[in-house]
Amino acid sequence: MRAFYSGQFVLPLPPGHRFPMSRYALLRDRLLEHLPAVDMDQAPRATDGELALAHTPQWIAAISDGSVSPQAMREIGFPWSEAMVERSRRSTGATIAACRAAFAGGVAANMAGGTHHAYADKGGGFCVFNDAAVAARLMQAEHGRAGRQLKVAVIDLDVHQGNGTASIFRSDPSVFTLSLHGQKNFPFRKEASDLDVELPDGCGDADYLTALEHALDELERRFSPGLVIYLAGADPFERDRLGRLKLTFDGLEARDRRVFDWAWQRRIPLAFAMAGGYASDIAETVQVQLGTFRVAFDYWRRWQNAAR
């Protein structure tokens, strides 16, 4: 199973910054130790033309040359740097590469990504470019057929609503945006996804999985995707600092298994990204992510066995 990383492009963050940059390197180390069969490759760099499929030229230029306003950078939550620009392009390129690999092998991963708070013309919430939106549009360009456009479902299970993704695809019937998220959590001004499921603070495994089951049933009733992009956020975890939900390790594994199985049963290629994760003990976030990779690898093997 192929996975694409951008962890070597590290943001120069000030001491005490709350974004857990170290988790990307930790995830790579854990995969090397526990799932050595995962084939990890450096992420390619998203080009201006690729980014322009989901972002305005003005936003791409302002981020790239550093002319972006201080207020816009405050909304993102990072200081501007050339390293930030490079990492943001690589993280987007990783989801592009994962989607291409998923078409070839059924399942593939971006070991970062899930930057769903980025709009067409601005960023926010640690998100500069929207990797899922760029990748969805590029896959439609690469895999569309005469008279038939590729349909893409973005299944966003980060604890925070994918407001940027919802905004970008608001008037696009070829992309279905599904978001399960904390009702009272960031962003406090939500956008309208194709399907939003708002969860109360303290929601645990059983109620979450029931809500997910109903959401996937509704997705199937309304849409028939040819590609799934899955944002497997670790932040619904019960000890996440920013999550406010109460999912256990077992509950998160069951969540992942339900999504991968939904796509597998319908033979829909699936690319996934890590999205958020802010546990006080960063090793717990990485444990959740490793669990996602274990489930993904299981379903990747099913794809390979079926192809023989």
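Tabulated data
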item	result
Yes/no for Phe186 being out of contact with any strand residue (DSSP E or B) (no Cβ under 6 Å at 6 or more places or on another chain), closer than 14 Å to Ala273 by Cβ and either in a strand (DSSP E or B) or among the aromatic types (Phe, Trp, Tyr) (or both)	no
Complete set of residues in segment 57-89 that are of a type outside the set (A, V, I, L, M, F, W, C), more than 30 Å from Asp29 (Cβ to Cβ) and open to solvent by less than 40 Å² (accessible area, probe 1.4 Å)	Gly66
Residue check for Met21: surrounded by 13 or more Cβ atoms within 10 Å (Cβ to Cβ) and closer than 27 Å to Val228 by Cβ	no
Long-range neighbours under 6 Å by Cβ, at least six apart or interchain, first residue within 20 Å of Thr285 (Cα to Cα) and open to solvent by less than 60 Å² (accessible area, probe 1.4 Å) within segment 31-51, second part of a loop (DSSP other than H, G, I, E, B) and modelled with pLDDT of 95 or more	Leu31/Val38; Val38/Met1
Segment 195-212 residues that are at positive phi, paired with ones that are of a type in the set (A, V, I, L, M) (beta carbon under 9 Å, 6 or more apart)	Gly202/Leu245
Matching residues, segment 279-293, being within 23 Å of Ala153 (Cβ to Cβ) and surrounded by fewer than 19 Cβ atoms within 10 Å (Cβ to Cβ)	none
Residue that is farthest from Gly276 (Cα to Cα) [pool: residues in segment 1-17 that are modelled with pLDDT of 85 or more and either surrounded by fewer than 20 Cβ atoms within 10 Å (Cβ to Cβ) or of a type outside the set (A, V, I, L, M) (or both)]	Arg2
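One line per residue, one yes/no per condition, for (1) open to solvent by 40 Å² or more (accessible area, probe 1.4 Å); (2) among the charged types (D, E, K, R); (3) touching a His at 6+ places or on another chain (Cβ under 6 Å); (4) modelled with pLDDT under 95:
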position	(1), (2), (3), (4)
Thr210	yes, no, no, no
Asp217	yes, yes, no, no
Pro236	no, no, no, no
Arg244	yes, yes, no, no
Gly251	no, no, no, no
Ala263	no, no, no, no
Ala273	no, no, no, no
Gly277	no, no, no, no
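The values are calculated or read from the model by the stated rules, or taken from the named source; none is laboratory data. Treat the numbers as computed from the prediction; the structure is a model and nothing was measured. No Cβ is skipped: glycine too gets one built from the backbone with ideal geometry, and neighbour counts run over all protein chains shown. Heads up: the accessible areas ignore ligands, DNA and RNA and are worked out on the full protein's heavy atoms, side chains in. Shrake-Rupley method; radii C 1.70, N 1.55, O 1.52, S 1.80 Å.
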